[in-house]
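The block underneath contains the structure these notes are about, expressed in structure tokens.
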């Protein structure tokens, strides 16, 4: 298992009981999201994952600054010290 | 304006610096109590010819907050020569190349910087593919606010010069627009910046719906049959649909059956691809490659909402390549006297393609939104062939040139 740092912006901290920087273990994004769901329960899970267990379209996940949509989505591998960041998916050109 | 409302779960919030629903992380939109808004066609008659003529439908509470450079109420240009060339009878160009900083982005930037002032923010910024950088910077200058713009390093030089001259701090990112967007979002939170298309986005997008209001008013309060919208993030397209909806809801137009078509460049067409392939989901483009750099948004924030709006309206999605964009720049300039940038003229290029495909009836009343000025992207046009030969100032040389 890799030790990963998860960064949550203020506008999304409602899902993590206010926690903004979280140390957690997992070897893929899916494992880390699953561990976060276990720690923070349904309020985290329903905000981050859709009914099929995929990340919801309203947010983006970044591993070391790179959008996981351009890596391997939930199957993106994580190593020790990697950073997983959540951000709202908004843009206006 | 009564509230911000989540587009996904409809939960409402006060009209402050919120942009994401706490409950479901959906984007927030401004909602109004239409039943309490008393506006008639005559309400607007004697007002200034800029977007603030529709202030009842814009999200600013105190008129003293308004930061105005005169954006909006741009010409709706009857394009008979272009129409004849394309085989149409009723074609108009909504010429947003003539806004204060020469793109439609002055509309949302004017609203967003006004809101930043109303909310008491001390600095603003934006990630941008180029045009929003200048629009934000100019309105920030007018408001006396510091401005930070985040751009991909490879946007057109004229756009960097322009934004920089208004006094903005230019942060050129070694990456794409999506990288710039991510960094700006983090900076907004860390430094308490009003990111016009980030944490002020719900207010910002309201400015763009005036492109629908004006077209209705300029056509004598009759909506067009079909509009074609250059599409990057999808925000403009969604705002235009909201504008037509609001005018119908308020009884200012009788019906709203406007078909809305999305125009994107080949090389960055995630929304058009979803439309053409019958998908509801949008597959992002990691490395956009297109002459239309202002539309090079690979992961469009409003992509799926734009797809839904086009489908519901009965419109289409179509894309064009760089050469078709260059041809459209020349065609629009040489038939109608309007000089547009590639991202702004993509609507005209797509119109031509939709006509060829038999998707537009010759008698439809069509409006092409042309959203950015050609002087911002001189390098987009092939320089060879337009450099004039230098001649002696003698009358006899003209015999070779003026053949009549």
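The values are calculated or read from the model by the stated rules, or taken from the named source; none is laboratory data. None of the values given here were measured: they were computed from a predicted structure. Every residue, glycine as well, gets a Cβ built from its backbone with ideal geometry; the counts of neighbours run over all protein chains shown.
Give the residues of the range B:380-404 that are surrounded by 10 or more Cβ atoms within 10 Å (Cβ to Cβ) and more than 30 Å from residue B:240 (Cα to Cα), sorted by residue number. Break it down stepwise before answering.
From the range B:380-404, those surrounded by 10 or more Cβ atoms within 10 Å (Cβ to Cβ) are B:380-382, B:391, B:397-398; that's our starting set.
Listed by number, the residues that qualify are B:382, B:391, B:397, B:398.
With within 14 Å of chain A (Cβ to nearest Cβ) and farther than 18 Å from residue B:166 by Cα as the only criterion, which of B:80, B:96 stands out? It would help to see each step written out before you state the result.
Numbers: B:80 fails: within 14 Å of chain A (Cβ to nearest Cβ).
Every option except B:96 fails the conditions.
Counting residues in the range B:196-205 that are under 30 Å from residue B:359 (Cα atoms), at pLDDT 95 or above and surrounded by 24 or more Cβ atoms within 10 Å (Cβ to Cβ) gives one or more. Screening residue B:178 on (1) within 14 Å of chain A (Cβ to nearest Cβ); (2) touching a helix residue (DSSP H, G or I) at 6+ places or on another chain (Cβ under 8 Å); (3) in a helix (DSSP H, G or I) shows it passes everything except condition (2). Exactly one residue out of B:120, B:167, B:198 is part of a loop (DSSP other than H, G, I, E, B), within 12 Å of another protein chain (Cβ to nearest Cβ) and over 26 Å from residue B:76 (Cα atoms): that is B:198.
Give the residues of the range B:348-369 that are at positive phi and buried (at least 21 other Cβ atoms within 10 Å of the Cβ), sorted by residue number. Correct list: empty. Every test in (1) surrounded by fewer than 22 Cβ atoms within 10 Å (Cβ to Cβ); (2) at pLDDT 95 or above; (3) under 24 Å from residue A:10 (Cα atoms) is passed by residue B:189 save one, and that test is (2). Given the structure, is residue B:112 crowded, with 24+ Cβ neighbours inside 10 Å, facing chain A (nearest Cβ under 10 Å), under 21 Å from the mean Cα position of the chain (by Cα) and not in a loop (DSSP other than H, G, I, E, B)? Considered against the rule, which asks whether it is crowded, with 24+ Cβ neighbours inside 10 Å, facing chain A (nearest Cβ under 10 Å), under 21 Å from the mean Cα position of the chain (by Cα) and not in a loop (DSSP other than H, G, I, E, B), residue B:112 comes out as yes. Count of the range B:11-31 residues, restricted to those that are assigned to a strand (DSSP E or B) and surrounded by fewer than 16 Cβ atoms within 10 Å (Cβ to Cβ), is 1.
When the range B:123-164 is filtered for residues that are within 14 Å of chain A (Cβ to nearest Cβ) and either part of a helix (DSSP H, G or I) or within 16 Å of the chain's Cα centre (by Cα) (or both), the ones remaining, listed by number, are B:126, B:127, B:128, B:129, B:130, B:131, B:132, B:133, B:134, B:135, B:136, B:159.
Consider the range B:223-241. How many of its residues are more than 14 Å from chain A (Cβ to nearest Cβ) and in contact (Cβ under 8 Å) with a residue 40 or more places away in the chain? Residues meeting the conditions: 6.
Here residue B:384 meets the list (1) modelled with pLDDT of 95 or more; (2) assigned to a loop (DSSP other than H, G, I, E, B) almost entirely, failing just condition (1). On the given criteria, is residue B:402 in a loop (DSSP other than H, G, I, E, B) and over 30 Å from residue A:89 (Cα atoms)? The answer is yes for residue B:402.
Do the conditions hold for residue B:8, that is, is it within 14 Å of chain A (Cβ to nearest Cβ), out of contact with any helix residue (DSSP H, G or I) (no Cβ under 7 Å at 6 or more places or on another chain), in a loop (DSSP other than H, G, I, E, B) and without any contact (Cβ under 8 Å) to a residue 40 or more places away in the chain?
On the way: within 14 Å of chain A (Cβ to nearest Cβ): yes; out of contact with any helix residue (DSSP H, G or I) (no Cβ under 7 Å at 6 or more places or on another chain): yes; in a loop (DSSP other than H, G, I, E, B): yes; without any contact (Cβ under 8 Å) to a residue 40 or more places away in the chain: yes.
It is true that residue B:8 is within 14 Å of chain A (Cβ to nearest Cβ), out of contact with any helix residue (DSSP H, G or I) (no Cβ under 7 Å at 6 or more places or on another chain), in a loop (DSSP other than H, G, I, E, B) and without any contact (Cβ under 8 Å) to a residue 40 or more places away in the chain.
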